[in-house]
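Below: the structure, in structure tokens.
Taken together, the values in this text are just the output of simple stated rules run on the coordinates, not laboratory data. Fair warning: this is a prediction, and the values are worked out from it, not measured in the lab. No Cβ is skipped: glycine too gets one built from the backbone with ideal geometry, and neighbour counts run over all protein chains shown.
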Amino acid sequence: MGPRLGVLGWPVRHSRSPAIQNAALAAVGLAEWRYQLLPVPPILFSETVRALPGAGFRGANVTIPHKEAALALADDATASARAIGAANTLTFDRDGAIHADNTDAPGLIATLPFDAAGRSALVLGAGGSARAAVWALLEAGTREVRVWNRSPERARALCAELGGIPVLDAEPADLLVNCTSSGLDTSRPMFNSLPLGADDVTKYKCVVDLVYTKWDTPLVSAARANAIPTVDGLEMLIAQGALSFERFTGEPAPTELMRAAVRRG
Ligand code: NDP
């Protein structure tokens, strides 16, 4: 069997990563490589990951709820993963050494339709992806990063650690980035749990929503209806996945093909 890759999560069955990564592997001629779902409960995370290099794995993506545990178990980590406090990409040496990186941060910056330097941003959320977004925007020179969270004390703690300004209302900004999981449960009205309504999207020059579901989220729909440049969760998945692919294989990622694979559903 050829080299193996996968995505570690719990649950992980809905992940689109195998579709985009296997399409990319085939496109660059790595026909022997395979990328698979790796459903692993938290209690088994550490021992399972340590066994992966011996089972032929070269790397793995990491998703909810393992990103912090992935950083903690790695033998070394990039400065960005350490600053963010979470890893979404693990690569394995042949001797079993585990390296941690975070491609959510550069992935977000890569998706933006304009240079983030000198701009203002409002980040919704204070979990792992919000930490990556705030860190990435400040690194990219964003002038002002405001952070709102359902539990305000978490926004305050995040800003005290990484920078940014905790806020209690959704103020206008160049960029709006939804890093909450609001919108994931399509049976619940998304805007009820956010500090803004559908009409408020016009206060932003670009709307980014990390959440992806089968359909556009209400936030993405509202932004598109108002002709506001929009980055949906699938674009973010492609961007961070392309960077992970390059770290796993050393090959440039065929981004257009990955986009086609994920949009096919
Ligand atoms: P975390 O569990 O670390 O954080 C969740 C955040 O969402 C917290 O700020 C939490 O607020 C908030 N939240 C949860 N439920 C609600 C709600 N009903 N109303 C308002 N706020 C809520 O998750 P992550 O940061 O890792 O991920 C967040 C989302 O981003 C997920 O849907 C994930 O799938 C998506 N994501 C997508 C990526 C992509 O490639 N497209 C990459 C990374 C993440 P509180 O602190 O108050 O609990």
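Summing +1 for each Lys or Arg and -1 for each Asp or Glu among the other residues whose beta-carbon sits under 15 angstrom from that of Ala155 gives 0.
Take the Cα of Ser193, step 7 Å toward its Cβ, do the same at Leu44, and the gap between the two points is 2.8 nm. Converting phi to 3J(HN,Hα) with the Karplus coefficients 6.51, -1.76 and 1.60 and the offset θ = phi - 60°, the range 158-166 yields 4, 5, 4, 8, 9, x, x, 10, x Hz in sequence order, with x at every glycine or proline. Distant-in-sequence amide contacts of Arg146, defined by a placed amide H-H separation under 5 Å and a gap of 5 or more residues or a different chain, comprise Ala121, Leu122, Val123, Ile165. Distances between placed amide hydrogens fall under 5 Å for Gly59 paired with Gly6, Phe92, all partners being 5 or more residues away or on another chain. Taking the range 218-261 and a reference point 7 angstrom along Cα→Cβ of Ala26, the backbone N atoms nearer than 11 Å belong to 261. For a test of the definition: using alpha carbon positions, the gyration tensor, and the 1.5 limit on a/c, classify the range 146-212 as rounded, prolate or oblate. Since a/c reaches 1.5 but b/c is at least a/b, the shape of the range 146-212 is classed as oblate. Evaluating 6.51 cos²θ - 1.76 cosθ + 1.60 at θ = phi - 60° for every residue in the range 167-173, the Karplus couplings come out as 10, 9, 10, 8, 8, x, 7 Hz, glycine and proline recorded as x. Against the chain, whose longest principal axis is taken from its Cα atoms, helix 255-264 shows a tilt of about 80°. If the chain linking Glu251 and Ser151 were pulled fully straight, counting 0.36 nm for each residue of separation and taking away their Cα-Cα distance, it would gain 31.9 nm. Dividing the summed -39500 (n - 2.57) terms of all DSSP H runs of n ≥ 4 by the residue count of the chain sets its mean residue ellipticity at 222 nm at -10500 deg cm²/dmol. Starting from the Cα gyration tensor of the range 14-121, take the square roots of the eigenvalues, sort them a ≥ b ≥ c, and report rounded, prolate or oblate (rounded when a/c is under 1.5, otherwise prolate if a/b is larger than b/c, else oblate). Oblate, since a/c reaches 1.5 and b/c is not below a/b.
Basic side chains Lys and Arg get +1 at the Cβ, acidic Asp and Glu get -1 at the Cβ, and with that the dipole of the chain about its Cα centre reaches some 520 debye. As a rough guide to protection, the peptides 202-211, 127-136 ranked by mean Cβ packing within 10 Å, highest first, stand as 127-136, 202-211. Spatial offset of the range 172-232 relative to the range 1-23 amounts to 27 Å, using the alpha carbon center of each. In summary, the aspartates and glutamates within cross-link reach of Lys214, defined as a Cα separation below 13 angstrom excluding same-chain residues under 8 places away, comprise Asp185, Asp232.
3J(HN,Hα) couplings calculated from phi for the range 211-216 with the Karplus curve 6.51 cos²θ - 1.76 cosθ + 1.60 (θ = phi - 60°) are, in sequence order, 5, 10, 9, 5, 10, 4 Hz; Gly and Pro show x.
Checking the cross-link filter: which aspartates and glutamates have an alpha carbon closer than 14 Å to that of Lys67, excluding same-chain neighbours under 8 positions apart? Within the straight-line cut-off, Lys67 pairs with Asp101, Asp104. This ranking places Leu168, Leu175, Leu73 by how few other beta-carbon atoms lie within 10 Å of each, fewest first, which gives Leu168, Leu73, Leu175.
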